[in-house]
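Take a look at the structure below.
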Amino acid sequence: MDWQERMNAAVGYIEDRLDGEIAWDAAAARAHCSTFHFLRMFEVVSGISAGEYARRRRMSLAALDLAAGQVKVIDVAVRSGYDSPDAFARAFKREFGITPTGAREPGVRLRTWPRLSFSIMLKGATPMNFRIESREAMKLTGLPLATTMENGWQLTEITGFWQKVMTNGSFERLLRSVPPGSKVGVAGVCADMDPSTPKFTYLIAIESPADRSNLPDGCVDRSARAGTWAIFESRGPLPTSIQEATGRIFGEWFPTSGYEHADGPDLEVYPPGDTTAPDYYCEVWIPVKKASRTE
């Protein structure tokens, strides 16, 4: 069973349980990988979290049921996972702009989210340069941004966050605080990832210095456990190059590598240079572990 079949088997499990509770560890078992890796892969490759996908599909089926006019609103609410018709009605109106009762009106316009299907496209014409390294545990310190992958908002928010940090003096203070011998410098860090939701924390961070007196106000700490890292090269102007590299890592490299994501923060390591140059070099560091699959 290949990656495509495994992921679609997991989607099949989700679809079969849209009218009940979804156990994400059981979905991951269908994909023959860890829960964290499955949820992270699902989110990056599809562009939405698995939890958001399930919510959209439940709302789509609810809209179809109501438009058919053969079921009670309370029955649709329970089947969609809501404790009360009022809570369901509020969620339905946020999604479609009308009430559940309004969905029964003749000619009303609705929309549905179709069932997702993973497919493998012919890729690989452009090589991916990477290396596997073992590293000791790291403690990271930086400025946090609470953001979300919902609707791709993180792409705009992170770009704006970097612009703010670069112009208000915080970047220079972080740069002056980088510990001697650090290979990370000032990096982007994706942390606090619970891939069952689209929310996470993005930090502009350095390895934690012994002297914290020069750090900008508002810095927080995060840890990365000792372990194995897959380190990928990226070339091109930011932020496009790093976004494309991340997409290829999850969409092309992971499905055929024999590795899966280990629970921990991802790093974007930015060496000094012109970040707008067509040949600007940076790296994506992802904690990994060997996949243990039962075919």
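The values are calculated or read from the model by the stated rules, or taken from the named source; none is laboratory data. Source: prediction; values computed, not measured. For neighbour counting, all protein chains shown are included, and Cβ atoms are generated from backbone atoms with ideal geometry for every residue, glycine included.
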* Structure fact -> Of the residues in segment 136-185, those that are surrounded by 14 or more Cβ atoms within 10 Å (Cβ to Cβ) and part of a strand (DSSP E or B) number 9
* Could you please tell me which pairs satisfy a Cβ distance under 9 Å, a separation of 6+ or placement on different chains, a first residue in segment 186-209 that is at negative phi and in the same structural domain as Leu145 (by TED's automatic domain parsing), and a second residue that is of a type in the set (Lys, Arg) and modelled with pLDDT under 95? => Met193/Arg40; Met193/Lys199; Pro195/Arg40; Glu207/Lys183
* Asked: Of the conditions (1) in contact with a strand residue (DSSP E or B) (Cβ under 9 Å, 6 or more places away or on another chain); (2) modelled with pLDDT under 95, Ser170 fails just one. Which one is it?
  -> (2)
* segment 243-265: number of residues that are β-branched (Val, Ile, Thr) and surrounded by fewer than 18 Cβ atoms within 10 Å (Cβ to Cβ) -> 1
* Asked: Across segment 125-135, which residue is modelled with the lowest pLDDT among those that are in a loop (DSSP other than H, G, I, E, B) and either under 20 Å from the mean Cα position of the chain (by Cα) or not polar (S, T, N, Q) (or both)?
  -> Ala125
* Please give the number of the condition Arg248 fails out of (1) farther than 25 Å from Ala29 by Cβ; (2) more than 18 Å from the chain's Cα centre (by Cα). => (2)
* Structure fact -> Within segment 7-20, the count of residues that are in contact with a Pro (Cβ under 9 Å, 6 or more places away or on another chain) and basic (Lys, Arg) comes to 0
* Structure fact -> Of the conditions (1) over 24 Å from Leu140 (Cα atoms); (2) free of Cβ contacts under 8 Å to residues at least 12 places away in the same chain, the single one that Phe254 does not satisfy is (2)
* **Hits in segment 273-295 - residues which are modelled with pLDDT of 90 or more and more than 15 Å from Trp229 (Cα to Cα)** => Gly273, Asp274, Thr275, Thr276, Ala277, Pro278, Asp279, Tyr280, Tyr281, Cys282
* Enumerate the pairs (first residue in segment 165-176 and under 16 Å from Leu203 (Cβ atoms); second residue anywhere and of a type in the set (Asp, Glu)) with beta-carbon separation below 9 Å, excluding pairs fewer than 6 apart on the same chain, so at least 6 apart or on different chains. => Met166/Glu172; Ser170/Asp217
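Output the residues belonging to segment 210-237 that are touching a Leu at 6+ places or on another chain (Cβ under 8 Å) and surrounded by 15 or more Cβ atoms within 10 Å (Cβ to Cβ).
The initial filter retains those residues of segment 210-237 that are touching a Leu at 6+ places or on another chain (Cβ under 8 Å), namely 215-216, 218-224.
Leu215, Pro216, Cys219, Arg222, Ala224 - these are the residues of segment 210-237 that are touching a Leu at 6+ places or on another chain (Cβ under 8 Å) and surrounded by 15 or more Cβ atoms within 10 Å (Cβ to Cβ).
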* Is there a residue in segment 65-79 that is over 30 Å from Ile249 (Cα atoms), buried (at least 17 other Cβ atoms within 10 Å of the Cβ) and in contact (Cβ under 8 Å) with a residue 60 or more places away in the chain? -> yes
* closer than 28 Å to Ser34 by Cα, surrounded by fewer than 17 Cβ atoms within 10 Å (Cβ to Cβ), polar (S, T, N, Q) and modelled with pLDDT under 95, is that true of Thr240? -> no
* **Residue match in segment 253-260 (condition: touching a Leu at 6+ places or on another chain (Cβ under 7 Å) and either at positive phi or in the same structural domain as Phe38 (by TED's automatic domain parsing) (or both))** => no
